[in-house]
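The values are calculated or read from the model by the stated rules, or taken from the named source; none is laboratory data. Fair warning: this is a prediction, and the values are worked out from it, not measured in the lab. Quick reminder, even Gly has a Cβ in these numbers, built from the backbone with ideal geometry, and neighbours come from all protein chains shown. Calculation scope for accessible area: heavy atoms of the full protein, side chains included, ligands and nucleic acids excluded. Shrake-Rupley method; radii C 1.70, N 1.55, O 1.52, S 1.80 Å.
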Amino acid sequence: MELILKEFEVEHKNSSEEALRRWRFAVSVVTNPGLRFRFVADLVKRSEAEKKSRKVQETIQAALSCQKEALQFIAAGGQPDDTEASFDIHPDELASIVDDQDIESLKIHGGVEGIARKIRVSLNGGVNTKNLLTRQKNYGFNCFTEKPSKTFLMLMWKSLQDFPLIIPVLSAMVSIGLGIPTEGWPKGIYDGLGGIVGMFLVIMVTAICEYKQSLQFMDLDREKKKIFIQVTRDGKRKNVSIYDLVVGDIVHLSIGDQVPADGIYISGYSLLIDKSSLSGENEPAKVNEENPFVFSGSKVQDGLGKMLVTTVGMRTKRGKLMETLNEGGEDKTPLQVKLNSVASIIGKIGWTFSVLTFLVLIVGHLVVKALNYEFTKWSSSDALTIVIYFATAVSILDVAIPEAFPLAVTLSLDFAMRKLKEERALVRHLSACETMGSASCICTDKTGTLTTNDMEVDKVWISEKSIDIKANASDLKSEISGRVLGILLQAIFQNTGSEVVKDDSGKNTILGTPTESALLEFGLLLGGDFDAQRREFKILKVEPFNSVRRKMSVLAALPDGRVRAFCKGASEIILRMCDKIVDCNGEPVFLPEEQVKRITDVIKGFASGALRTLCLAFKDVADTSIENSIPDSGYTLIAVVGIKDPVRPGVKDAVLRCLAAGITVCMVTGDNIYTAEAIARECGILTKDGMAIEGPEFRSMSPEKMKDIIPRIKVMAWSLPSDKHTLVTHLRKTFGEVVAVVTGDGINDAPAFHESDIGLAMDIAGTQVAKDSAGVIILDENFMTIVNVVRWGRAVYINNQKFLQFQLTVIVVALVLHFASACISGSTPLTAVQLLWVNFMDAVGALALAAEPPNDELMKRPPVRRGVSFITKAMWRNIVGHSVYQLAVLAILNVDGKRLLNLTGSDASDVLNTLVFNSFVFCQVFNNINCREIEKINIFRGMFDSWIFLGVMVGTVAFQVIMVEFLGDFASTVPLSWQLWSLSVLLGSVSLLVAVILKCIPVERCS
């Protein structure tokens, strides 16, 4: 079977459309595709999306000529009739300017300043919060029209359309129609009514499960919407939800942000926007005065800037595209695909057995009539017999088509998602939970993941002195001269992309990255005035920090007219750019080689203490002709700053648990190697057999050398995003690892995320780009939560193996027993109603196994490797062994039960049939308990902690008692004596002993 299933394998993500279509076709052969794929992405609509997108563009272009005439009318002094309230431009007209990227129309309106005047907003102060409702009324809300969710009744109706459910319902109706005339009322309706009730229960369970799944998707969607962006309102910079944005808002964009609405560029530096999600173009676009249009859904890849929001909600280009693509759902996970394929294969086998059983029963009936010379005599009782045969064949088909397979894996994933959310992990895609259970390597960055990202300046080296800020913060100003302090404050307050704002109570609040916030906090501690400094200087040019440059530079005009460049960044880079140093009097003096070595030792000392080191420098630019060019050399070193970023509590324990679970942890960071090694040792990542390496050394290696050292790499410092991508690629493709990439403040991890099997992002420290690309968001930013995701992922995998073993055993026994019985005796031991109950019982039992919580033993076994068979040899051993035992017991009872049990009287056959039914059910009850452990003998560990499993077991036994003792003709049973009840339970419980014997039989374990 595993060889057949390989034809239907799909990747954890980015699966080809051919593979997706292939397994859909295979499953749809025996199931209703409308039902099976109702929560799955529509491949046909995917292929049509591009056509619809082009059609939207063509419609807009068709209106362009009329729009330009209206704009010319405005330029001539006219006023259009469709202005709204106090605003001088219509929403559709404003939207079309940006959507069509019509730079000429923008110039006619007076550029971004003219647009701002027409929508009554100040480019400096932003919108007035008192006018938010008016703006929303005129220009709309920043939200998108969503596809309405299906109601419970709609899901029930959809379930009823499943082909395997339609046949037994029709069969039951025919049975009632023929049963009443032949057997009378009410006995004639029992078989048919039982079938209808059984189908109703199946439909109810299916609809309830699917409804809960839809609620889960809605809950996940609400979590995804918790996105905030920085805007200027009422003259103050503040954080607001992107869904509260209005036309006229001034939005601040920085690296890693997702653009929340369509708008026009106001100002910025080196702003680079990735529009691939909208246009499909992989090359990022520079946004400036010549190319000022910014679109919702695009991502800031580099630089920083401000934009004026002009279009929100469904009027944005993204909103128009969503109208064509808003179909909901996502592709099935690899495990769902595999179990759907198993169900398809078994369903085809079931069809074969069902048809053969029906033919054998019909032929047997015809032979009996021929032997009794009644072949030409037919009555309603013969018709009823044929209907009963048909119902039995259909019931076998119902047992053989395991509807619980796809349902159980979905519920298992949903259950894990819900529990993980309680444990502060938001699983954005079902496949992420499943994939994390197989993770064999976690590739993580440092800042915001292993550390808290709550930074503060701990030490500073300045004026030839190393000063501990915590111990001497109040005395720092007395340790250095006023001129040195002035230059230091200039370097801190001018060379920053963050801001210091005052809240309503007058308290300072810093808005920006943690590193810059730590520096600004340090500057305020020294008595600096951020607002005063920024008013005195004029920023001429900015080169924002990114992971490639590793530095930030600004060019500023001083109050006296001079031009000064400020630079800060990675210590090694800035130090190489300096040829002078500020002495204790604040004067630039030559920086000799000996002093460079001493400063390097200072940097190493700070880094070895797990501090992130930065150098601050400046340069007076004498040549005003190059005032818009920031120099790369000739700087004067001001200070070396050591910033403390504490390791998160519990990280070391979490790393040790990963190592015990066979998961390697590798840290990739842009910090220098001394800081990286110190943090890695503190976290338990850098072990004795591991090695630390720098990115430049790694990049210069040959592929053969990389292959030799990659298994030993535990720390990669001084790395570029391309280094992480290369490492992840080799781990996956060369070594077959299942790689999880974890990022905290990572803003350039998209390549590594794309290459990895799964991405995880921290909620607060993570950028929006990282969170959008991640499969799991760690809400509490605790590394131990990542371990919990692994535990639940492993639980999903092993639980699905458990219920698959259980259901395959039930299916094998039911098919073989009924087919053999039909061939030998011309009848089946279980009636249609009993088979429906068995089908319902084993489906619920499988769901109970699928919902079992994880245990600590899961983290003591190695991860499942790529390509390992899902149905293991141990599972086949258990399936075959229990099937043989159950078939032997039921066959003996069925063939010779009357003699062995000394059953006599007119109801002996009814008692024996009831006993066979009862024994079959109890065999499944005890086998359900056996399946809690596939390889271990102790099957009771943790059983009493799983209330779902206990509830299902108790409910199954209770309803079985009702079926046997009270439902009589309806269930085709008779009450049993306590001795026969004891025998049924005993025969079922012997399977516990059979399980022990089977587990003592050695089988090859998959590695």
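Things worth noting here:
- Peptides 724-734, 539-549 ordered by packing proxy, namely the average of other Cβ atoms within 10 Å per residue, highest first: 724-734, 539-549.
- Partner lysines whose Cα lies under 22 Å from the Cα of LYS348, excluding those fewer than 8 positions away in the same chain, are identified as LYS6, LYS332, LYS338.
- Normalised Debye scattering of the stretch 831-939 at q = 0.10, 0.20 Å⁻¹ gives log10 I(q)/I(0) of -0.43, -1.18, counting only Cα atoms as equal scatterers and leaving out solvent.
- Normalised convex hull volume, the stretch 942-986, alpha-carbon set, Å³ per residue: 74
- Given charges at Cβ of Lys, Arg, Asp, Glu: the stretch 687-760 dipole, positive-most of SER700, PHE753, HIS725: SER700
- In angstrom, the C-alpha Rg and Dmax of the stretch 689-790 are 13.9, 40.
- Dipole magnitude for the stretch 552-665: about 680 debye, using +1 per Lys or Arg Cβ and -1 per Asp or Glu Cβ, origin at the Cα centre.
- Accessible area per residue in Å² at 1.4 Å probe, computed on the stretch 805-864: 28
- In this Cβ point-charge picture (+1 for Lys and Arg, -1 for Asp and Glu), the stretch 668-790 has a dipole of about 400 debye about its Cα centre.
- Against the rule of thumb 2.2 N^0.38 Å, how large the Cα Rg of the stretch 695-755 comes out: 1.07
- As a rough guide to protection, the peptides 126-133, 813-820, 432-439 ranked by mean Cβ packing within 10 Å, highest first, stand as 432-439, 813-820, 126-133.
- Cβ crowding within 10 Å averaged over residues, with 296-309, 684-697 ranked highest first: 296-309, 684-697
- Over all Cα atoms in the stretch 656-707, the spread is summed up by Rg and Dmax: 12.4, 34 Å.
- Tail weight of P(r) past 28 Å, computed on alpha-carbon pairs of the stretch 568-724, percent: 35
- The Rg/Rh ratio of the stretch 734-870, with Rg taken over Cα atoms and Rh as the Kirkwood radius over Cα pairs, comes to 1.20.
- Think of each Lys and Arg Cβ as +1 and each Asp and Glu Cβ as -1; about the Cα centre, that makes the dipole of the stretch 767-886 roughly 480 debye.
- To the nearest 10, the accessible area of ILE673 is 30 Å² with a 1.4 Å probe.
- Net charge, SER633 excluded, C-beta distance under 13 Å - Lys, Arg +1, Asp, Glu -1: +2
- Here's how it looks for THR451: its modeled amide H is under 5 Å from those of ARG648, which are all 5 or more places away or on a different chain.
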